[in-house]
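Here is the structure we will look at, set down as C-alpha cells.
Just so you know, all these numbers are worked out from the coordinates, no wet-lab data involved. Note that the structure is a prediction, hence the values are computed from the model and not measured. Methodologically, a virtual Cβ is constructed for each residue, glycine included, from the backbone with ideal geometry; neighbour enumeration extends over all protein chains shown.
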Amino acid sequence: MVEAVPYDKAFACRLLRDMLRIRRMEEKCAELYGTGKIRGFLHLYIGEEACAVGALHALTADDNIVATYREHGHALVRGVSMNAIMAEMFGKAAGCSRGRGGSMHLFDAETRFYGGNAIVGGGLPLAVGLALADKMQGISRVTACFFGDGAVAEGAFHEAMNLAALWSLPVLFCCENNLYGMGTALERSEAQVDLGVKAAGYRMAAARVDGMDVVAVLEATRQAAGQVRAGAGPFFLEYQTYRFRAHSMFDPELYRDKAEVEKWKERGPLHTFSARLKAEGKLSEKEFLKLDAQAEKEVAAAVDFAERAELESIDDLLTDVCTPGAAP
Amino acid sequence: MKISYREAMRQAMHEALAGDPRVFLMGEDVGKYGGTYAVSKGFIEEFGPEWIRDTPLSELGFVGAGIGAALGGMRPIVEVMTVNFSLLALDQIVNTAAVLRHMSGGQFSVPLVVRMATGAGRQLAAQHSHSLENWYAHIPGIRVLAPATIGDARGMLAPALADPDPVIIFEHAQLYNLEGELADDWQCDIARAAVRREGSQVSVFAYGGCLPKAMQAAAELADAGIDAEVIDLRLLRPLDTETIAASVRKTHRAVVVDEGWKSGSLAAEVVARIVEDCFYDLDAPPVRVCSAEVPIPYARHMEEAALPQPAKIVAAVKELLNA
C-alpha cells in the first residue's frame with residue numbers, strides 16, 4: 001500500500017518537473033557525448049534523480065551544498081541554470097565554471113553550490129569546514145554533503161564524520177548508496193555494508209530511506225536537516241538508490257547483470273512517482289506530457305545556448321589560478 | 001630586542017588572532033599541549049578552545065576542514081605538525097585548495113594558511129626528516145614561503161593571511177631556537193627574495209634551514225678572501241626570478257643550497273631559471289649543494305653527512321672559483 005503524496009498538486013508537479021528536467025538534460029548529454037560535443041568524463045545520474053530532487057527541496061536557499069562528480073542533477077535543482085550547466089559541458093566561457101571545470105566540476109557561488117568534487121570523499125572535509133565556519137560565526141545554516149557509497153571506504157569519510165560529530169557541526173551527510181563504487185559492489189569493498197553502523201561508530205544520528213521515492217527522500221531529509229538546524233549535531237542519511245546507466249561513458253558494465261538493472265528500473269523514480277500522482281488525481285497524462293515537453297524545450301534551448309556561446313580566449317589561460325594582483 | 005624564531009612566530013600568530021576574529025588556529029596539539037614546537041603556548045587560555053582548536057590525528061580531515069572554513073568566511077591557520085605528516089593531507093592541498101579557484105572559474109578562493117615544520121638535523125630518521133617544500137612549490141595556485149630569519153618569522157604571517165589564496169609556510173625545525181635581534185622593519189614583502197649578504201664573486205642561494213648554513217659559509221669564505229653574496233629565496237613559489245637573475249648578473253657564479261634531494265629539487269628549478277635567463281652572464285656552470293640521495297639516517301655522523309653543511313658550501317664555492 002503506497003501512502004498518499006502529502007503535497008498539493010503544484011508542489012508535487014514541481015518535484016516531478018525537476019526529475020524530468022534532470023532526466024531529459026542527461027539523456028541529451030549522453031547523446032552529445034556520442035557526437036563529441038561533450039568530452040572528458042561524463043557521469044550520469046539517471047535513475048537517482050529522486051535523491052537530488054527530494055533532498056534539495058527539503059533544504060533552504062541559504063544552506064551550503066557540496067556534491068560529487070555525479071552532480072548535474074544537484075546543480076540543476078539547486079538553481080544553476082541549464083544553460084550555464086550545458087555551456088560548462090561544452091567548455092564555454094558562459095559555463096557555470098567558465099569552462100574550466102566541465103561535467104565533474106559545476107560550481108555556483110550564488111546558490112552556495114560548492115561543487116563538483118571528483119576525488120571520492122574529497123568533499124566531506126570541505127563540508128565539515130564550511131559548517132565549522134558557520135558555527136564559529138554564529139550562522140544558522142546546514143551544510144549538505146552528497147557522496148556515494150564508494151566514499152565510505154575513504155579515510156576522508158571517517159575523518160570528516162569524526163570531526164563533525166566531535167565538534168557537533170551542522171553537517172548533513174547525504175550518502176547516495178547506488179550499490180557500486182564504479183564497478184565494485186558494496187559487499188565486495190566493505191566488511192560492514194550497513195552504512196548506518198558506521199555513523200553509529202561516531203555517535204552520529206543516522207537514517208536510511210528509499211532513494212527511489214522522491215517523497216520519502218524529501219521527508220527524511222527535511223526531518224534530518226531540521227535536527228541538524230536545531231543544533232543536534234551532524235546527521236548521516238543514506239539514500240538507497242540505483243544508477244541505471246553505466247558509471248561513465250567508458251564503462252562496459254561487466255560487473256552487474258542486466259536483469260538486476262531491469263529490476264531496479266521497475267522502481268524508477270519518474271514513472272513510479274507520476275503513477276502515484278495519476279492514481280491520486282494530481283496529474284493527468286496530458287499534464288505529464290506537458291511537463292515533459294517543457295523539459296525537452298528547456299534542454300533544446302540550453303543546447304542552443306551552449307552551441308552559440310563563445311569560447312574563452314586562450315589569452316586568458318592563466319586567469320583564476322590566483323586572485324588578480326595577489327600572486328604572479 | 002633579542003628574541004627567538006619561536007617567539008617571533010608566536011608574536012605574529014598572537015597579533016593575527018587578537019586582531020581579526022576570522023583568524024583561528026587549528027591542528028594537532030596546538031591547544032592544551034601548547035604546540036609541538038611551543039609556538040602557541042598559552043594561546044588556548046587566552047583565546048579559548050574554539051579559536052585554538054585541537055584536532056584529532058586526521059591531517060586530511062582537518063586540512064580539508066581548514067579549506068572549507070576559509071571558503072566559509074574564516075581565515076584559518078592550520079598547523080600540520082610537520083611536513084612528514086602533510087603527506088596525509090596532500091590530496092586536500094593539491095586537489096582542492098590549489099585548484100578550487102581555477103576549477104570554479106574564479107568563484108571560490110581559499111584564503112587558508114597552512115604552517116608546518118620541515119627539515120632534518122635532529123636525528124629523527126627517515127620518516128621525520130623530510131624537506132618536501134619543492135613538492136608544494138610545484139603546484140600552481142598556492143604560495144609557498146620559508147621564513148629563515150627572526151624578521152621573516154615575525155613578518156610573513158600577516159601578508160600570508162591577507163593573501164586571498166592558499167599559502168603554505170615552512171618553518172625549519174632547527175630554526176625555532178635561533179635567537180637574534182628583531183629589527184624595527186620586520187614587515188615582509190612575501191613577493192620578493194631577500195639579499196642577506198651583499199657580495200661580488202659568487203651568489204649563494206638558500207632558503208629555510210640552509211640559510212644560516214649559507215651565511216656561516218659566507219663568513220668563512222670572507223676569511224679566505226672570497227666575497228660571497230647570499231640570497232634568501234624565502235618565496236619558493238612563485239620564485240622571485242628577478243632577484244635571482246640580478247645577483248647572478250652581478251657575480252657571474254651561482255651555488256644553490258637546498259636540503260631537498262638533488263633529483264627534482266627546488267635547487268634544480270633555480271639552476272634551470274639561471275641557465276634560461278643568465279646563461280651568457282655565467283663564468284662557470286651553476287653548482288648545487290643538496291641532500292644526498294638517501295633516506296635520512298638516524299646515526300648522527302651519517303645524518304650530518306647526508307645534509308648540506310657549511311663546509312660543503314665552502315668547498316663548492318672554492319671549487320667553482322678554482323680558489
The distance between the Cα centres of segment B:262-286 and segment A:210-242, in whole Å, is 58 Å
On C-alpha positions alone, give me the angle between the axis of helix B:266-278 and the longest principal axis of chain B, in degrees, nearest 10. 60 degrees
Trypsin sites (Lys or Arg not before Pro) within segment A:120-205, DSSP loop, no more than 13 other Cβ atoms inside 10 Å: A:R203
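Out of the DSSP beta bridges found with both residues in segment A:155-275, what percent are antiparallel (nearest 5)? Kindly include the intermediate steps, with their values, before the conclusion.
Working: 2 of 14 bridges.
Rounded to the nearest five, the antiparallel share is 15 percent.
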Round to a whole angstrom and tell me the spacing of the C-alpha centers of segment A:77-107 and segment A:52-70. 17 Å
Between segment A:265-303 and segment B:168-204, the alpha-carbon center distance in angstrom: 67 Å
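Considering only DSSP beta bridges with both partners in segment B:194-320, what is the antiparallel share in %, to the nearest 5? If you can, show how the numbers build up before the last one.
Numbers: 3 of 16 bridges.
Beta bridges within segment B:194-320, antiparallel portion: roughly 20 percent.
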Please give every one of the aspartates and glutamates within straight-line cross-link reach of A:K258, meaning a C-alpha to C-alpha distance under 18 Å, and leave out same-chain neighbours fewer than 8 residues apart. A:E48, A:E266
Whose amide H sits under 5 Å from the amide H of B:A117, counting only residues 5 or more places off or on another chain, with H placed in the peptide plane? B:T82, B:V83, B:E171
Looking only at A:Q223, A:Q137, A:Q294, which one moves most when chain A is put into a Gaussian network model with springs between Cα atoms under 10 Å? A:Q137
Along the charge dipole of segment B:194-320, pointing to its positive end and built from +1/-1 on Cβ of Lys, Arg, Asp and Glu, which listed residue (B:M302, B:V270, B:Q201) has its Cα farthest out? B:M302
State the antiparallel share, in %, of DSSP beta bridges confined to chain A, rounding to the nearest 5. 10 percent
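Report the FRET efficiency, 1/(1 + (r/R0)^6), for A:Q192 and A:E219, where r is their Cβ-Cβ distance and R0 is 30 Å, rounded to 0.05.
0.70
Okay, helix-only estimate at 222 nm for the protein assembly as shown: each DSSP H run of n ≥ 4 adds -39500 (n - 2.57), divide by all residues, round to 500 deg cm²/dmol; what do you get? Can you show the working numbers first?
Working: 25 runs with 259 residues, N = 651.
The helix-only estimate for the protein assembly as shown comes to -12000 deg cm²/dmol at 222 nm.
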19 Å Cα-Cα threshold exceeded, pairs from A:K28/A:K282; A:K265/A:K297; A:K9/A:K263; A:K28/A:K92: A:K28/A:K282; A:K265/A:K297; A:K9/A:K263
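Once you list every other residue whose beta carbon is under 15 Å from the beta carbon of B:E79, what net charge do they have if Lys and Arg are +1 and Asp and Glu are -1?
Numbers: positive: B:R6, B:R10, B:K32, B:K41, B:R53, B:R75, B:R115; negative: B:E28, B:D29, B:D54, B:E59, B:E171.
Computed value for this residue: +2.
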Say we join alpha carbon atoms closer than 10 Å with springs in a Gaussian network model of chain A; which of A:R70, A:R243, A:R308 then has the biggest fluctuation? A:R308
Nearest-ten-degree value, helix B:241-251 long axis tilted from longest Cα axis of chain B: 20 degrees
Pick out, from A:S140, A:V171, A:A207, the residue whose Cα sits farthest towards the positive end of the charge dipole of segment A:139-251, with +1 on the Cβ of Lys and Arg and -1 on the Cβ of Asp and Glu. A:S140
Charge dipole (the protein assembly as shown, unit charges on Cβ, about Cα centre) - positive-most of A:M86, B:S129, A:A225: A:A225
About the Cα centre, charge dipole magnitude for segment B:191-323 (Lys/Arg +1, Asp/Glu -1 at Cβ), debye: 140 debye
Quick shape check on chain A: root eigenvalues a ≥ b ≥ c of the Cα gyration tensor, a/c under 1.5 is rounded, otherwise prolate if a/b tops b/c, else oblate, and it reads rounded
